Amino acid sequence: MLNFSANLSMLFTEFPFLERFAAARSAGFSAVEFLFPYEYEAQHLAGLLAANRLKLVLFNLPAGNWGIGDRGIAADPDRVEEFRAGVEKALEYAHTLGVEQLNCLAGKTLPGVSEDEQWRTLRENLQFAADSLAKQGVKLLVEFINRHDIPGFFLHHTAQTVRLIDEADRPNIFLQYDLYHAQREEGELTATIQAHLGRIAHIQIADNPGRHQPGTGEINFPFIFSQLAKLNYRGHIGLEYVPTPDTVSSLAWISHYGLKI
């Protein structure tokens, strides 16, 4: 059986963020994820999770100032201390919220900084984060992002990300595989999943073009879901898409494909 989680940063945006937990439970979800928790009190979020019988499966390490365009700071040699402080903050939230995996966004290619220096900074930051997370039994995930949506994103390909994980050489670092980003950047979705299943701890989905729900674009989701079931994939599949025309209506694909939340 496949396990789906509702990404509350993308779904149920018809409601204020703190009301999306109840909306997800009402729609039948037992698991949720989101980008960042840091503007809210951890205990308040924990209460919402408990009240709605929801498991939080994922959120991101602090990624800089999102509002001014930061999309991660892990590859920035001038922000190492900020990154490492963010790891500690994320772990405090993870402890309170019962999260077992955190995702790291590398950030963008920096002008005036060599690729080698950024790569070295990113690798060392991942090692620090993985070692810190291991003390709480938490996995560190790494995600690549397509360069159409975020031009210049430093990690943008499966092979590149896997090489980074190999070089970081920590047993609790895994790949977060987002089918939407992978389709836009490289394709070969099923073959990639088959080749790297042991490294993939979390999958996210959206169709292309448009980043809407499955069935609105070119990705053959019934085939992918059947392959994930055959491969006995045990992680969650995060619904990180822009729902159309609204969230509840957008969920019709689940029953249409013979699946359950």
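Nothing in this text is a laboratory measurement; each read-out follows from the coordinates by a stated rule. Since the model is a prediction, treat every value here as computed from it, not as a measurement. Please note: Cβ atoms are built from the backbone with ideal geometry, for glycine as well, and neighbour counts cover all protein chains shown.
Site pair Val242 and Phe15 shows an inter-label distance of 2.3 nm when each label is modelled 7 Å from Cα along Cα→Cβ. Listing Val162, Val138 from fewest to most neighbouring C-beta atoms within 10 Å gives Val162, Val138. Note on the chain: Lys pairs 8 or more places apart or on different chains, Cα atoms under 19 Å apart, count 5.
What FRET efficiency do you get for Ser26 and Phe223 if R0 is 35 Å and r is their Cβ-Cβ distance, rounded to the nearest 0.05? Spell out each step's value before the answer.
Working: r = 30 Å, r/R0 = 0.87.
So, using R0 = 35 Å, E works out to roughly 0.70.
Across the options Leu126, Ala50, Thr158, the greatest Cα extent toward the positive end of the charge dipole of region 29-177 (unit charges at beta carbon of Lys, Arg, Asp, Glu) belongs to Ala50.
Any chance you could run the full-extension gain for Ile68 through Arg120? It's 0.36 nm times the residue separation minus the Cα-Cα distance, nm to one decimal. Gain in length upon complete extension: 16.2 nm. FRET efficiency for the pair Arg234 and Thr96, taken as 1/(1 + (r/R0)^6) with r the Cβ-Cβ distance and R0 = 22 Å, rounds to 0.30.
Farthest toward the positive end of the dipole of the chain, out of Gly72, Ala27, Ala191, is the Cα of Ala27, where the dipole comes from beta carbon charges about the Cα centre. Per-residue ellipticity at 222 nm computed for the chain from its helices equals -11000 deg cm²/dmol, with DSSP H segments shorter than 4 residues left out and the rest contributing -39,500 (n - 2.57).
Under unit Cβ charges (Lys, Arg +1; Asp, Glu -1), what dipole magnitude, rounded to 20 debye, does the chain have relative to its Cα centre?
Computed charge dipole of the chain: roughly 860 debye.
The Cα center of region 33-85 and the Cα center of region 174-237 differ in position by 24 Å.
Efficiency by 1/(1 + (r/R0)^6): what FRET value for His256 and Ala195, r their Cβ-Cβ distance, R0 = 25 Å, to the nearest 0.05?
Computed FRET efficiency for His256 and Ala195: 0.30.
Label sites at His157 and Asp78, each approximated as a point 7 angstrom past Cα along Cα to Cβ, lie 2.8 nm apart.
Taken about its Cα centre, region 29-177 carries a charge dipole of roughly 420 debye when the Cβ of each Lys and Arg holds +1 and the Cβ of each Asp and Glu holds -1.
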